[in-house]
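So the structure is just underneath, and the comments pick up after that.
Where a number appears in this text, it was derived from the coordinates with a stated rule and is not lab data. The structure presented is a predicted model; accordingly, all values stated were derived computationally and were not measured. Note that each Cβ is placed from the backbone with ideal geometry, even for glycine, and that neighbours are counted across all protein chains shown.
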Amino acid sequence: MSTLDRPEIRFRRRRDDVTLSWPPGSKFRFPEPFLWGAASASHQVEGEDVHSDWWRYEREPGNVQNFFEFPEFGQQFKSDHWRQFPEDIVRMKADLGLNAYRFSLDWSRIEPVEGQWDEAVIDRYVSLCGQMRELGIRPLVTLFHWSSPDWIWEPGNEESSGWYHPSIVDRFGAFCERVVQSLAKVVDLWVTFNEPNVFLYGGFSEGVLAPGHCRPDRELLPIQRHLLLCHRNAYRTIHESRDGAQVGIAQQITPFEPVSRWNPLEGWLSARVEQAFSWAFGDSIHTGELVLPTRSGAVIREQIEGLSGTVDFSGVNYYERMLLRIPWGVCVQRVEAIHDHFGTKEIWPREINTRAFVEILERVQSRYGLPIYVTENGRSHSDDSQRQRFLEQHLCALGHALENLDVDVRGYFYWSLLDNQEWANGFTPRLGLYEVDYSDGSRSLRDTGRRYAEIIQSGEICADSLI
Ligand code: IFM
């Protein structure tokens, strides 16, 4: 049962017991059936999405770190997934034994000009899903993972067109209807939006994702409204086209804790920031009410007709917790969210926090009462053994949660199948099960991928074997 009628604004204290441990000999068996997957997003891996806003945005100097220092092959083809997609499907089965793959559709490739559908591209996505099905891989399709066709933005009028303008709802709706009409026969598992919270704040408030705007909180209202309306309509479209389809959003759920465990104000603010960032979207889809908290303390609320209940599962993207501090002498509206382990050169995520991972799963379960898919979880590290450690620790924690706690997790999708462009952080972070050589697109399986394949094959994980 949902507990949303009891809003979860509770004091949070900093916790330093970040990694769970188990008695020697502990072994966790995963239930069957269970979806063992990996995930990706079109703009980050496909390449040559020349009609997308991100293609333009990343070519504007200063938007993506070291973009022009990377091999031209990588700039153009990224991880070369669009051209190597069929081979990648064969690889993910043969090398890894996956039975699920989460990827996103490139709206700009499908509709390069408004109202003009590239039928060959749609057919290719259909045939790729068909190929997955033949190999026993269940496609999980994300409709929107942050890149839009560039034509939604009116040149010179970016700050009131695109996602700001109500026309986006019909435009996105037309895209959904067209792709769902073709794909529903081969796809029954859908994510409408990937991390709408990160898209909203990263793109329109912090200015670190396309379109790179820094607007005050109140001005995020139309975007949040449009995202929720687009989600609601996409949910309906999918259900009208396919009986038994399962539709969700993939929400980045990040716990926030205060840097100073003794500072009650930091504790209180952590809870507020966490509510706004990690829970607001998911809550809206359950309650039907848009809630936009602002830094001034005001909360904007708006009922959205037909939104409540438009979700069949909870998609959880979990990486790490964030620590929050109020810098000395700075007013509380300028809090800083920071990662733990200052000074490390690694980018993301920096800590392995399986205690928080399990807590998040329990909280999502009790809050929404739906089946859960871990739709993203992974780590960039220059040392692959650290990536492997991250994977094993999280799978062990997940096995423990499935066996001992009241969570209904149906699948796990490692982020990411391939090294890919980590948005504004460029190509330096490497999160892939496969390493990609950006000078020619060749792939090599990492030890983390081999270890993942062993766990999938055996269907269990033993705590003694964790590195
Ligand atoms: O690469 C991103 C992805 O696009 C969205 N979730 C987080 C990942 C790692 O930062």
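Evaluate the Debye formula for the chain with equal point scatterers sitting on the alpha carbons, no solvent, and hand back log10 of I(q)/I(0) at q = 0.08, 0.12, 0.13, 0.14 Å⁻¹, in q order, two decimals.
Relative scattering, expressed as log10 I(q)/I(0), comes to -0.44, -1.08, -1.31, -1.58.
Please list the equivalent ellipsoid semi-axes of region 220-320, computed as the square roots of five times the alpha-carbon gyration tensor eigenvalues, in descending order and whole angstrom.
Working: eigenvalues 176, 55, 15 Å².
Those come to 30, 17, 9 Å.
Among VAL45, VAL358, VAL169, which comes first, then next, by fewest other beta-carbon atoms within 10 Å?
On the way: VAL45 26, VAL358 20, VAL169 17.
Going from sparsest to densest Cβ surroundings: VAL169, VAL358, VAL45.
Mind giving me the nanometre distance, one decimal, between the label points for VAL126 and VAL90, set 7 Å out from Cα along Cα→Cβ?
Here the modelled spin labels are 2.4 nm apart.
If amide hydrogens are placed 1.01 Å from N in the peptide plane, which non-local residues have theirs closer than 5 Å to the one on LEU140?
Sorted by chain and number, the residues that satisfy this are TYR101, ARG102, PHE103.
Report, to two decimal places, the Cα Rg of region 367-430 normalised by 2.2 N^0.38 Å (N = number of residues).
Values: Rg = 14.1 Å, N = 64, 2.2 N^0.38 = 10.7 Å.
In units of the 2.2 N^0.38 Å rule of thumb, it is 1.32.
Could I have the simple spin-label model distance between PHE68 and ASN404, label points 7 Å from Cα toward Cβ, reported in nm to one decimal?
In this crude label model, PHE68 to ASN404 measures out at 5.4 nm.
For q values of 0.10, 0.11, 0.19 Å⁻¹, compute log₁₀ I(q)/I(0) with the Debye formula on a Cα-only model of region 6-141, without solvent.
-0.55, -0.64, -1.08
Give the whole-number value, in cubic angstrom per residue, of the convex hull volume spanned by the C-alpha atoms of region 155-278. Walk me through the intermediate numbers first.
Numbers: hull volume 15.6 nm³, N = 124.
Residue-normalised Cα hull volume stands at 126 Å³.
Under 17 Å from a point placed 7 Å out from the Cα of ASP464 along the Cα-to-Cβ direction: which residues of region 24-64 have their backbone N that close?
24-29
Of all beta bridges DSSP finds with both residues in the chain, what is the antiparallel percent, to the nearest 5? Numbers along the way, then the final one.
Details: 17 of 54 bridges.
Here the share of antiparallel DSSP bridges comes out near 30 percent.
In the calculated pair distance distribution of region 111-200, what percentage of Cα-Cα distances lie above 14 Å?
70
If all Cα-Cα distances of region 236-276 are sorted into 10 Å bins from 0 onward, what percent lands in each bin, rounded to whole numbers?
25, 26, 16, 17, 14, 2
If amide hydrogens are placed 1.01 Å from N in the peptide plane, which non-local residues have theirs closer than 5 Å to the one on VAL316?
Residues meeting the amide H criterion: GLN251, TYR373, VAL374, THR375, GLU376.
With N set to the residue count of region 248-299, report its C-alpha Rg divided by 2.2 N^0.38 Å to two decimal places. Please list the in-between numbers first.
Details: Rg = 12.4 Å, N = 52, 2.2 N^0.38 = 9.9 Å.
Computed over Cα atoms of region 248-299, the ratio equals 1.26.
Quick check: residue separation of SER21 and SER385 times 0.36 nm, minus the Cα distance between them. What number comes out in nm? Before the final figure, lay out the partial values.
Working: separation 364, 0.36 × 364 = 131.04 nm, distance 1.85 nm.
Extra length available between SER21 and SER385 comes to 129.2 nm.
Add -39500 (n - 2.57) for each DSSP H run of 4 or more in the chain, then divide by its residues: what number comes out at 222 nm, to the nearest 500 deg cm²/dmol? Write down the numbers at each step before the final one.
Details: 14 runs with 161 residues, N = 467.
Computed mean residue ellipticity for the chain: -10500 deg cm²/dmol.
Which of SER26, SER40, SER382 has the fewest other C-beta atoms within 10 Å, and how do the rest follow up to the most?
So the residues, fewest neighbours to most, are SER382, SER26, SER40.
Given charges of +1 on the Cβ of Lys and Arg and -1 on the Cβ of Asp and Glu, with all other atoms neutral, how large is the dipole of the chain about its Cα centre, in debye to the nearest 20? Present the calculation step by step, with values, prior to reporting the outcome.
On the way: 49 positive and 68 negative charges, 256 e Å.
With only Lys, Arg, Asp and Glu charged at Cβ, the dipole is about 1240 debye.
How many angstrom lie between the Cα centre of region 70-130 and the Cα centre of region 416-467?
Computed from Cα coordinates, the inter-centre distance equals 18 Å.
Under the Karplus relation 6.51 cos²θ - 1.76 cosθ + 1.60, θ = phi - 60°, what is the ordered set of whole-Hz ³J(HN,Hα) values for region 134-147, x standing for Gly and Pro?
Each residue's phi maps through the Karplus curve to give 4, 8, x, 10, 8, x, 10, 9, 9, 7, 9, 10, 6, 9 Hz.
Return LYS27, LYS185 ranked ascending by Cβ neighbour count within 10 Å, so the fewest neighbours appear first.
Working: LYS27 15, LYS185 12.
Going from least to most buried by this count: LYS185, LYS27.
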